[in-house]
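The values are calculated or read from the model by the stated rules, or taken from the named source; none is laboratory data. Remember, it's a predicted structure, so these values are computed and weren't measured experimentally. FYI the Cβ positions are ideal-geometry reconstructions off the backbone, even for glycines, and counts take in every protein chain you see.
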Amino acid sequence: MVADKIKPLLLMGLLTTTLGAAGLPLPGAWGVGAGLLAPLPGDLRVTTGAGLDFDLGLHADWQVRPGQAVRAVLDAGWYSGADRQHADPSLAQSLSTRVSNEALGAEYLWRPARLGGDWELGAGLYLIRWRVASVNQLATAGGTFTPSGTSTWTREGLGVLAGRWWNPHLETVAKVQLSHYGYENQPTRVASLNVLWQF
Amino acid sequence: MNQSKRIAILGSLLVLGLACGGTRVTGDRVATVNQTLLLTPAAPAVVQGQTLQFQAATPWGSQAVWAVEPASAGTVSAGGLFTAGSTSGACTVLAVWSQDVRYTATAAVLVIAPPSAAQGTGTVSISPNYVNAFGAEQGAGTGATAWANGAVVGEAEASSVSTSATGGYQNRAGFLPPGAN
């Protein structure tokens with residue numbers, strides 16, 4: 001698990017080195033964002049539940065060429081959580097899970113001139129730290145045992161996005177991010193719709 | 001179709017493709033999580049006051065948190081060593097994987113009374129060709145074997161059980177563990 005802990009540091013180092021080598025000492029713009037998350041049907045949605053999820057983020061853009069930019073992103077997401085019950089003759093189980101994550105990544109953005117420069121397509125690479133807090137209540141005929149704990153994993157992620165600039169400061173971004181979580185390395189697919197404000 | 005439209009369509013198809021992939025039926029669905037945490041033995045019998053070592057294992061580690069329900073049935077140490085209490089009956093040993101408490105496993109344990117000890121000493125006569133309860137086959141001829149105090153684990157077939165000929169000797173002091181037959 002030591003590798004999990006140093007992965008974000010390694011990615012931060014990689015980003016810094018890459019951007020530094022590209023001769024980009026300062027970002028062209030900083031910004032903040034907020035939005036809604038929607039885990040797509042699959043393993044993650046079992047753990048997160050189907051409620052309303054949201055995220056907050058920081059980003060910095062570097063213009064690398066006309067119509068092309070690199071964006072460093074740091075996002076944090078909170079998911080609504082799931083509560084499930086199961087009973088059989090010998091054991092009744094009630095499992096509550098709450099999921100959150102932080103993602104550190106770099107996105108390549110392309111603003112085709114033929115689309116007027118307002119539209120943006122992109123792809124990103126991320127390191128995502130997943131956190132699942134669980135309360136597992138196990139009830140037998142003899143009594144109840146309720147262990148709880150939080151598990152974390154850091155996994156790589158991949159994303160594609162499309163954005164629309166409404167003015168020089170305001171952008172909306174739709175993104176699908178793929179990753180994995182858990183010891184069984186279960187797949188995650190999260191769609192998001194964010195509003196970004198660039199200073 | 002101009003290039004900008006093609007770009008927009010290709011981007012949309014890529015997003016849709018990523019969003020609509022297949023699903024797997026794994027994950028922390030209740031009552032399926034314990035398929036990964038393996039607890040052994042699964043359904044043992046333990047004599048009152050005796051111990052039994054449980055093992056809980058996943059592909060990623062074996063550290064577990066343990067509990068016994070009802071608590072009066074016994075105790076289980078942090079290392080999974082179960083010590084039966086002084087009351088006979090059924091109980092459940094629960095194991096939860098320390099690194100991710102979504103993973104659970106249970107074992108149904110039967111706590112049973114200890115066998116009563118044999119009393120006294122004496123001589124037992126066994127008919128030829130019978131197998132006594134201690135597992136010693138009595139040969140042909142005169143049968144006269146002496147034993148000291150002892151207890152028998154397991155139960156011999158009725159036809160081969162020898163009874164004491166003198167004194168208060170009883171050599172059929174075993175018990176029958178569940179499922180032994």
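Odds and ends about this structure:
- All told, residue A:179 falls short of being within 10 Å of another protein chain (Cβ to nearest Cβ) and crowded, with 18+ Cβ neighbours inside 10 Å.
- Conditions (1) crowded, with 16+ Cβ neighbours inside 10 Å; (2) polar (S, T, N, Q); (3) within 30 Å of residue B:98 (Cβ to Cβ): number failed by residue A:146: (1)
- Unmet requirement for residue A:199, which otherwise passes all of (1) within 18 Å of residue A:121 (Cα to Cα); (2) loosely packed, with under 15 Cβ neighbours inside 10 Å; (3) in contact (Cβ under 8 Å) with a residue 40 or more places away in the chain: (1)
- The set of residues in segment A:87-137 that are more than 11 Å from every other protein chain (Cβ to nearest Cβ), over 22 Å from residue A:165 (Cβ atoms) and among the acidic types (Asp, Glu) contains only A:102.
- Looking only at residues of segment A:67-81 that are within 18 Å of residue A:46 (Cβ to Cβ) and surrounded by fewer than 20 Cβ atoms within 10 Å (Cβ to Cβ), we find that the one that is farthest from the other protein chains (Cβ to nearest Cβ) is A:78.
- Residues in segment A:40-63 that are part of a strand (DSSP E or B) and either within 14 Å of another protein chain (Cβ to nearest Cβ) or of a type outside the set (S, T, N, Q) (or both): A:53, A:54, A:55, A:56, A:57, A:58, A:59, A:60, A:61, A:62.
- Which listed residue is at negative phi, of a type outside the set (S, T, N, Q) and modelled with pLDDT of 60 or more, from A:9, A:56, A:24: A:56
- Residue count for segment A:85-98 under the criterion of being assigned to a strand (DSSP E or B), touching a residue at least 24 places away in the same chain (Cβ under 8 Å) and over 22 Å from the mean Cα position of the chain (by Cα): the result is 4.
- Count - residues of segment A:163-188 that are farther than 17 Å from residue A:54 by Cβ, under 16 Å from the mean Cα position of the chain (by Cα) and in a strand (DSSP E or B): 6
- Restricting attention to segment A:99-118, the residues that are in contact with a Ser or Thr (Cβ under 8 Å, 6 or more places away or on another chain) and either more than 22 Å from residue A:151 (Cβ to Cβ) or part of a helix (DSSP H, G or I) (or both) add up to 4.
- Failed item in (1) in contact (Cβ under 8 Å) with a residue 12 or more places away in the chain; (2) more than 19 Å from residue B:97 (Cα to Cα); (3) of a type outside the set (Asp, Glu); (4) facing chain B (nearest Cβ under 8 Å), with residue A:140 passing the rest: (2)
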